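What follows is one structure encoded as structure tokens, with my remarks underneath.
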Amino acid sequence: MLSVEELNEKLIELSFSEDIGDGDHTTLCCIPDDAMGKSQLIIKEDGVLAGVRIAKEVFAHFDPELKMEVFIEDGAQVKKGDVAFVVTGKVRSLLQTERLMLNIMQRMSGIATMTHKYVKLLEGTGAHVLDTRKTTPGMRMLEKEAVKIGGGMNHRIGLFDMILLKDNHVDFAGGTVNAIDRCHEYLEAKGFNLKIEIEVRNFDELQQVLSHGGVDRIMLDNFSVENTKKAVDIINHRFEVESSGGITFDTIRDYAECGVDFISVGALTHSVKGLDMSFKAC
């Protein structure tokens, strides 16, 4: 399995390949090879900054001689007009790295900003905001990093680091008990030590899990606020509890006050607006 660093490196390579192709002919035709200059990242919208670390990797990958002076680090609250960093070096390199750096930083900062808003809503409840696997293909590691920068928590990175028995798994396995038992047989045979979470759709499935056991966390899928409170009382701290499905910015506080431990929000990554910023000559 590739490491996070290796995945990010492959993403950068692919991104430059699809953007530059056989050459940035606009830059190459009008900018001399020896022209030097500097550009600054200007914030155009209030939010939480994310992506500075990966921006360094983008610049270094394309041209190790580019020099980056950072004024604002990842996780900082930024406002319109702030300058996050200045990069000095060949003008050709500044122009050819601009779009990839901005695409990454705008998206990561948008995710961090959105996550921070959700986290602030839950202050004092004890519930944590989780992301999901509803991420942009190839950018999952960066998007999940942005969630953490914004104060949220990562659920699972992928299909490999946790067992999550969802509705389709349960149905194809022949029911809740069968799914849990097969899970334990598999983990024992493979010698794996993974946490187990199971999704329940109703109180009947919840009662089956409570009677059978064998899991670490129960996900209440598409439960109303009223039924979530009822389910939390029934579970009574015997398992971790996560709420998921149809939870919005307007309702998340209500779910948190039911006493759940986690609330997963797909909107953190699947429909977020990028934070506005620009990379301009200075």
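The values are calculated or read from the model by the stated rules, or taken from the named source; none is laboratory data. Bear in mind that the values here come from a model prediction, so they are computed numbers and not experimental data. No Cβ is skipped: glycine too gets one built from the backbone with ideal geometry, and neighbour counts run over all protein chains shown. Ligands, DNA and RNA are excluded from the accessible area calculation, which covers all protein heavy atoms including side chains. Shrake-Rupley method; radii C 1.70, N 1.55, O 1.52, S 1.80 Å.
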Keeping to the stretch 249-282, report how many residues are within 17 Å of GLY110 (Cα to Cα) and in contact (Cβ under 8 Å) with a residue 12 or more places away in the chain.
15
Taking helices (runs of 4 or more DSSP H) that do not extend beyond the stretch 164-282, which have at least 2 residues that are surrounded by 13 or more Cβ atoms within 10 Å (Cβ to Cβ) and among the basic types (Lys, Arg)?
225-235
ARG133 - would you say it is open to solvent by 20 Å² or more (accessible area, probe 1.4 Å) and either part of a loop (DSSP other than H, G, I, E, B) or at pLDDT below 95 (or both)?
yes
Cβ-Cβ under 8 Å pairs, at least 6 apart or on other chains, the stretch 189-208 side among the aromatic types (Phe, Trp, Tyr), far side assigned to a helix (DSSP H, G or I):
PHE192/TYR186; PHE203/ASN227; PHE203/LYS230; PHE203/ALA231; PHE203/ILE234
Note: among LYS144, LYS120, just one is over 20 Å from VAL260 (Cα atoms), out of contact with any helix residue (DSSP H, G or I) (no Cβ under 7 Å at 6 or more places or on another chain) and outside any strand (DSSP E or B), namely LYS144
Evaluate the following for GLY81: is it under 16 Å from LYS280 (Cβ atoms) and in contact (Cβ under 8 Å) with a residue 40 or more places away in the chain?
no
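Yes/no matrix, rows are residues, columns are (1) in contact with a Cys (Cβ under 8 Å, 6 or more places away or on another chain); (2) farther than 17 Å from GLY274 by Cβ; (3) surrounded by fewer than 21 Cβ atoms within 10 Å (Cβ to Cβ):
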position: GLN96; (1), (2), (3): no, yes, no
position: VAL119; (1), (2), (3): no, yes, yes
position: GLU123; (1), (2), (3): no, yes, yes
position: GLU143; (1), (2), (3): no, no, no
position: ALA146; (1), (2), (3): no, no, no
Restricting to the stretch 117-166, give me the number of residues that are touching a strand residue (DSSP E or B) at 6+ places or on another chain (Cβ under 6 Å) and closer than 30 Å to LYS190 by Cα.
8
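Within the stretch 105-131, track down each residue that is closer than 17 Å to GLU145 by Cβ and without any contact (Cβ under 8 Å) to a residue 60 or more places away in the chain. So that I can check it myself, show each step before the final result.
So the first thing to find is which residues in the stretch 105-131 are closer than 17 Å to GLU145 by Cβ, and the list is 105-116, 118-119, 128-131.
Listed by number, the residues that qualify are MET108, VAL119.
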